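Derivation of every value follows stated rules applied to the coordinates shown; laboratory data play no part. Keep in mind that what you see is a predicted model, and the values were worked out from it rather than measured. All Cβ positions, glycine included, derive from the backbone under ideal geometry; neighbour counts span all protein chains shown.
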Amino acid sequence: MRRKPFDVVLGTGNQMRIWLNPVDTILYYLTLITPKDPVVGLNDFKVILHQTYDQTSYSEVSNAQMFIRPWMPSHGHGSSSNVNPVLTSHGMYEGKSNFTMPGQWYVYDSIIVNNQTITTPSFYLVFDAR
Ligand SMILES: [Cu+2]
């Protein structure tokens, strides 16, 4: 199968991101667990990170560092009081995202594994806070 570097396979409406890290040729899967129904204010932000070399066997990535950045594109502002996700169990990372007003928010998630940023270029998950 021919792959382009950092192909985002699913559209932005899906809460999963799949990309190939061109440096180590590992395919990464980031899956959003929560929030599914985001509210105005602090939301538990929980994701699972997997990796695969062959798309047959998958393993959880438990040595990542994550840095989230909420952004409201229609107004051009972010938010404060966010908590970067940290490992809580195998491959699971939990933090908090702060949506300070209703509307559409992007949450960028920069991920570092083994001192290497694996999210280049960056991507975001989309939330509609109510
Ligand atoms: Cu706003």
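Below, the figures for the structure above:
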quantity	calculated
At 0.890 mPa s and 25 °C, Stokes diffusion of the chain via Kirkwood alpha-carbon radius, µm² per second	163
Neighbourhood net charge (12 Å Cβ-Cβ; Lys/Arg +1, Asp/Glu -1) for Trp105	+1
For Thr100, residues with placed amide H under 5 Å, excluding near neighbours	Gly41
Net charge contributed by nearby residues that have their C-beta within less than 12 Å of Tyr29 (K/R +1, D/E -1)	0
Rounded to whole Hz, the Karplus (6.51, -1.76, 1.60) HN-Hα couplings of the stretch 115-125, x for glycine and proline	6, 10, 6, 9, 10, 10, x, 6, 9, 9, 9
Kirkwood Rh and Cα Rg combined as Rg over Rh, evaluated for the stretch 45-116	1.06
Thr31 paired with Val126, simple spin-label distance in nm, labels 7 Å along Cα-to-beta-carbon	2.2
Ranked list, fewest to most other Cβ atoms within 10 Å of each Cβ, for Trp71, Trp105	Trp71, Trp105
